[in-house]
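Novice: First, the structure itself, so that you have it in front of you.
The values are calculated or read from the model by the stated rules, or taken from the named source; none is laboratory data. Keep in mind the model is a prediction, meaning the values are calculated, not measured. Every residue, glycine among them, receives a Cβ derived from its backbone with ideal geometry; neighbour counts consider all protein chains shown.
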């Protein structure tokens, strides 16, 4: 974490965002294409196309890379594993429907589940240690989750949980115990005996990654989850899935991430920037940094731009611009989640030119007393937040900021912004260096 006296406020900071955008370019692929139909896939919505899709990927892989194409039709499959120099192209009119049978997502693979490394069910689409890897096209990825498949494991009756189903919180306690005993990730085997739902798309330790154009529905858990990656580009994606923990895009411990022109209609946070959780994050020790979010639309459910709550290794240099958010089912605008259990730091967050029509709660929320609150050994740090040209129609409050006595939230500046119809006054506690200048509301 940089020291306070090392940080220089050199103006709006958007030149740094522009530099990130220039660095994060789409990966390129050899001019070689294989259609899954050529390996026996039948897009009739009934046939199991798992072997054919795997064979097409292996074909392209042996040829040194290229594009694997799924044409119009519905292809039922188990998990898909991608490799370096492969573009999985889901064409217009194509649907990839993942078969919701947990045994298909074995053997367990290395994954991060809510910020902790473990051996769990394979994500529906995954790549490990790959370079130049992509999912493109305007087709649909259907995770097959519903109140009978995957979602009941969350432990909530509204998502199909019934007495007798082991829910994730019980298994979570077991995983945390293994971490605290010093068991390495390869010894934390959480599948098939434990009920941790897989993430939909997960890139692990990859470079030059792209997800472009696809529509994502019915996800078991988080939708797009790059972990320990460099150079991540998510653009023109439509996410419509209202299940439990259905975050949209969760870059975790990544460097150089651009998320643009996406639409989020999700069951949890639209974008959640993360950096690992507690002891396991301290072992890995990788922050998430250099994230640009631009020209996106968020309509539900919790935070539009969330940082945390898994942020023990820290998050810095986040830029949000030209976004439209809000609706009766969206809670927060910029939502920073930490406490004394999670710790970590959040530094250098810039938000500019955001329209928020209607929020259930606050446009900016950062409450160190949430969750475990003071019950922990870590000291969170949040500082250097710049918000400008924001227009909020209706919300509970513009701001809810609560730091600790020993670690106040520092240097928050809001300028040229309007907050038109706030139901309650701002809630401010243990904040230093707060500056708020507003523009007159429209007549």
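Novice: Going by what's in this entry, would residue 286 be described as in the same structural domain as residue 387 (by TED's automatic domain parsing), out of contact with any strand residue (DSSP E or B) (no Cβ under 8 Å at 6 or more places or on another chain), surrounded by 24 or more Cβ atoms within 10 Å (Cβ to Cβ) and not in a strand (DSSP E or B)?
Specialist: Details: in the same structural domain as residue 387 (by TED's automatic domain parsing): yes; out of contact with any strand residue (DSSP E or B) (no Cβ under 8 Å at 6 or more places or on another chain): yes; surrounded by 24 or more Cβ atoms within 10 Å (Cβ to Cβ): no; not in a strand (DSSP E or B): yes.
Criteria not met by residue 286.
Novice: Here's a follow-up. On the given criteria, is residue 203 part of a strand (DSSP E or B) and in the same structural domain as residue 104 (by TED's automatic domain parsing)?
Specialist: Numbers: part of a strand (DSSP E or B): yes; in the same structural domain as residue 104 (by TED's automatic domain parsing): yes.
It is true that residue 203 is part of a strand (DSSP E or B) and in the same structural domain as residue 104 (by TED's automatic domain parsing).
Novice: Does the range 95-103 contain at least one residue that is in a strand (DSSP E or B) and farther than 18 Å from residue 48 by Cβ? Let's see the steps before the verdict.
Specialist: Start the filter on the range 95-103 by keeping residues that are in a strand (DSSP E or B), which leaves 95-98.
Retained after the next criterion (residues that are farther than 18 Å from residue 48 by Cβ): none.
Checked against the condition, which is being in a strand (DSSP E or B) and farther than 18 Å from residue 48 by Cβ, the range 95-103 yields no hits at all.
Novice: Yes or no: residue 411 in the same structural domain as residue 345 (by TED's automatic domain parsing), under 27 Å from the mean Cα position of the chain (by Cα) and under 25 Å from residue 311 (Cβ atoms)? Break it down stepwise before answering.
Specialist: Details: in the same structural domain as residue 345 (by TED's automatic domain parsing): yes; under 27 Å from the mean Cα position of the chain (by Cα): yes; under 25 Å from residue 311 (Cβ atoms): yes.
Judged against the criteria, residue 411 is a match.
Novice: Going through the range 300-350 one residue at a time, which ones are within 14 Å of the chain's Cα centre (by Cα), modelled with pLDDT of 95 or more and closer than 15 Å to residue 263 by Cα?
Specialist: 302, 303, 304, 305
Novice: Just the residues that are at positive phi and in contact with a strand residue (DSSP E or B) (Cβ under 8 Å, 6 or more places away or on another chain), please, taken from the range 72-116. Can you show your working first?
Specialist: Start the filter on the range 72-116 by keeping residues that are at positive phi, which leaves 73, 85, 93, 114-115.
Within the range 72-116, 73, 85, 93, 115 qualify.
Novice: For the range 173-193, check the following and say yes or no: at least one residue is modelled with pLDDT under 95, in contact with a helix residue (DSSP H, G or I) (Cβ under 9 Å, 6 or more places away or on another chain), within 29 Å of residue 283 (Cα to Cα) and surrounded by fewer than 16 Cβ atoms within 10 Å (Cβ to Cβ).
Specialist: Checked the range 173-193: at least one residue is modelled with pLDDT under 95, in contact with a helix residue (DSSP H, G or I) (Cβ under 9 Å, 6 or more places away or on another chain), within 29 Å of residue 283 (Cα to Cα) and surrounded by fewer than 16 Cβ atoms within 10 Å (Cβ to Cβ).
Novice: A further question on this structure: Is it the case that residue 45 is surrounded by fewer than 20 Cβ atoms within 10 Å (Cβ to Cβ), in a strand (DSSP E or B), at pLDDT 95 or above and at positive phi? Step through it out loud before you land on a result.
Specialist: Working: surrounded by fewer than 20 Cβ atoms within 10 Å (Cβ to Cβ): yes; in a strand (DSSP E or B): yes; at pLDDT 95 or above: yes; at positive phi: yes.
Judged against the criteria, residue 45 is a match.
Novice: Give the residues of the range 215-242 that are surrounded by fewer than 24 Cβ atoms within 10 Å (Cβ to Cβ) and not in a strand (DSSP E or B), sorted by residue number.
Specialist: 218, 228, 236, 242 - these are the residues of the range 215-242 that are surrounded by fewer than 24 Cβ atoms within 10 Å (Cβ to Cβ) and not in a strand (DSSP E or B).
Novice: Run down 148, 157, 167 and say which single residue is over 20 Å from the mean Cα position of the chain (by Cα) and at pLDDT below 95.
Specialist: On the way: 148 fails: at pLDDT below 95; 157 fails: at pLDDT below 95.
Going through 148, 157, 167 in turn, the sole match is 167.
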